[in-house]
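What follows is a set of notes on a single structure, which appears directly below.
The values are calculated or read from the model by the stated rules, or taken from the named source; none is laboratory data. No experiment lies behind these values; they were computed from the predicted model shown. All Cβ positions, even for glycine, are placed from backbone atoms using ideal geometry, and neighbour counts span all protein chains on display.
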Amino acid sequence: MDASGWQPEPGWQRLPGAGPATAGVWSATIGGRDVVVKRLERPEPHDAPGVLVAADVNYWRRAADVALSGVVADAPGMREAPVVRVEEDADGVTLVHERVAHQEAPGLWLAACLGRFAAVDLGEHRWLARDQLRSRLALVERRGGWRTLARTPMADVADHLWTQRTVWLDRCDALAQVAQHGDPSAANIPGRTPTGDDAIAIDWAHLGRGPVGADLGYLSLATREDVGPLVEAYVAALPPGLATADEVATGARVMAVYTALTRLDWALARVADGDGALAGKFRHPSVAPYIRAMQRQVDQIEALLA
Ligand SMILES: Nc1ncnc2c1ncn2[C@@H]1O[C@H](COP(=O)(O)OP(=O)(O)O)[C@@H](O)[C@H]1O
Ligand SMILES: [Mg+2]
């Protein structure tokens, strides 16, 4: 496992779907409590750029800093699953949270939770993430942009949006900057507080500040509801006067469109090397969901092109 010889304990059940930044996620029972254990490995200096930079979106130990600081332990709108323990050694950090029981949540309710959460004062911590979308797109730029989208029927649209990215990023920087979870997929917001008013979220590795609406746009990639009603629910939950519905729609739209296209380009690039024309790959099971996600953004894409 780790170079250190850190090992999961016998009886822990490995959970599927742990992302690249994680050495593993396990379900376990510790001291009679149902918990989830997540192991973060300290990166080598030559690993991905940014992982050792505290404010970088990919900072490797932010989830541990969030748990140790308690900044979102009681946050309104959305809070962290209760922390059981955080153990640090030379090679990484082991994070233990209470296991959250999964409850289906409607998109409008989640949108309102994100709106209330936007008002949280996170204080000044060097490890809060900044410039999330800008740095993600900078990583895409290092790889040469959306190179595989350039080989699809949406090449012109993609090229236009890619060229305009700085304009939209600058506009988003001019919006109110608020607290954001940074990765509010439905899977990362599994639970509810006992009163049922607020959400319980996991996977806080991207916590920081960003344009009003950005978290909502990210959430909208995974909800059934259209972005219009989601924006209404989010705005109604914001502190009065913080932002207009148009401003929220802009923050949400830019995050949703640039994220959907980046994911689609990445999914296409993974299958593009094999035999056959790229057009034959649009139905590939590892691509088709990203095509559908992009198609759901057509109105948002049009609004950015207008
Ligand atoms: N506290 C928790 N309660 C319930 N399930 C959890 C918890 N933490 C993680 N999981 C499960 O493990 C998966 C991966 O954990 P997560 O922290 O989201 O890591 P990743 O960075 O890989 O997305 C989650 O999608 C969820 O299914
Ligand atoms: Mg996750």
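Among residues belonging to the range 187-214 that are closer than 15 Å to Glu104 by Cα and more than 16 Å from ligand 2 (Cβ to nearest atom), point out the one that is surrounded by the most Cβ atoms within 10 Å (Cβ to Cβ).
Asp198
Show the residue pairs that are 6+ apart or on different chains and have beta-carbon atoms under 6 Å apart, the first residue being within the range 155-170 and in the same structural domain as Gln132 (by TED's automatic domain parsing) and modelled with pLDDT under 95, the second being surrounded by fewer than 12 Cβ atoms within 10 Å (Cβ to Cβ) and assigned to a helix (DSSP H, G or I).
none
Filter the range 98-111 down to residues that are outside any loop (DSSP other than H, G, I, E, B) and within 19 Å of the chain's Cα centre (by Cα) and give me whichever is nearest to ligand 1 (Cβ to nearest atom). So that I can check it myself, show each step before the final result.
Here is the first cut: in the range 98-111, the ones outside any loop (DSSP other than H, G, I, E, B) are 98, 107-111.
Filter again for within 19 Å of the chain's Cα centre (by Cα), leaving 107-111.
Values: Gly107: 18, Leu108: 22, Trp109: 19, Leu110: 15, Ala111: 20 Å.
If we take residues in the range 98-111 being outside any loop (DSSP other than H, G, I, E, B) and within 19 Å of the chain's Cα centre (by Cα), then Leu110 is nearest to ligand 1 (Cβ to nearest atom).
One residue is enough: does the range 219-242 have a residue meeting the conditions crowded, with 20+ Cβ neighbours inside 10 Å, of a type outside the set (A, V, I, L, M), modelled with pLDDT of 95 or more and closer than 25 Å to Ala81 by Cα?
yes
Hey, can you tell me all the residues within the range 67-93 that are in a loop (DSSP other than H, G, I, E, B) and without any contact (Cβ under 8 Å) to a residue 40 or more places away in the chain? Spell out how you get there, then give the answer.
Here is the first cut: in the range 67-93, the residues in a loop (DSSP other than H, G, I, E, B) are 70-77, 81-82, 90-91.
The answer is Gly70, Ala73, Asp74, Pro82.
Within the range 17-29, which residues are away from ligand 2 (no atom under 11 Å from the Cβ) and at pLDDT below 95?
As a first pass, look at the range 17-29 and keep what is away from ligand 2 (no atom under 11 Å from the Cβ): 20, 23-24, 26-29.
Matches in the range 17-29: Pro20, Ala23, Gly24.
Taking Leu242, is it within 16 Å of ligand 1 (Cβ to nearest atom), closer than 30 Å to Gly50 by Cβ and not charged (D, E, K, R)?
Details: within 16 Å of ligand 1 (Cβ to nearest atom): no; closer than 30 Å to Gly50 by Cβ: yes; not charged (D, E, K, R): yes.
When the stated conditions are applied, Leu242 does not pass them.
Could you tell me whether Arg62 is under 16 Å from the mean Cα position of the chain (by Cα) and surrounded by 14 or more Cβ atoms within 10 Å (Cβ to Cβ)?
On the way: under 16 Å from the mean Cα position of the chain (by Cα): yes; surrounded by 14 or more Cβ atoms within 10 Å (Cβ to Cβ): yes.
The answer is yes for Arg62.
Looking at Ala288, is it of a type in the set (A, V, I, L, M) and either over 21 Å from Thr223 (Cα atoms) or in contact (Cβ under 8 Å) with a residue 24 or more places away in the chain (or both)?
Against the criterion (of a type in the set (A, V, I, L, M) and either over 21 Å from Thr223 (Cα atoms) or in contact (Cβ under 8 Å) with a residue 24 or more places away in the chain (or both)), Ala288 does not qualify.
Is at least one residue of the range 126-134 within 28 Å of Arg270 (Cβ to Cβ) and within 16 Å of ligand 1 (Cβ to nearest atom)? So that I can check it myself, show each step before the final result.
So the first thing to find is which residues in the range 126-134 are within 28 Å of Arg270 (Cβ to Cβ), and the list is 129, 131-134.
This time we only want the ones that are within 16 Å of ligand 1 (Cβ to nearest atom), so: 129, 132.
The answer is yes, given that some residue of the range 126-134 is within 28 Å of Arg270 (Cβ to Cβ) and within 16 Å of ligand 1 (Cβ to nearest atom).
Taking Val53 and the conditions (1) in contact (Cβ under 8 Å) with a residue 60 or more places away in the chain; (2) under 29 Å from Thr166 (Cα atoms), which numbered condition does it fall short on, given that it satisfies the others?
(1)
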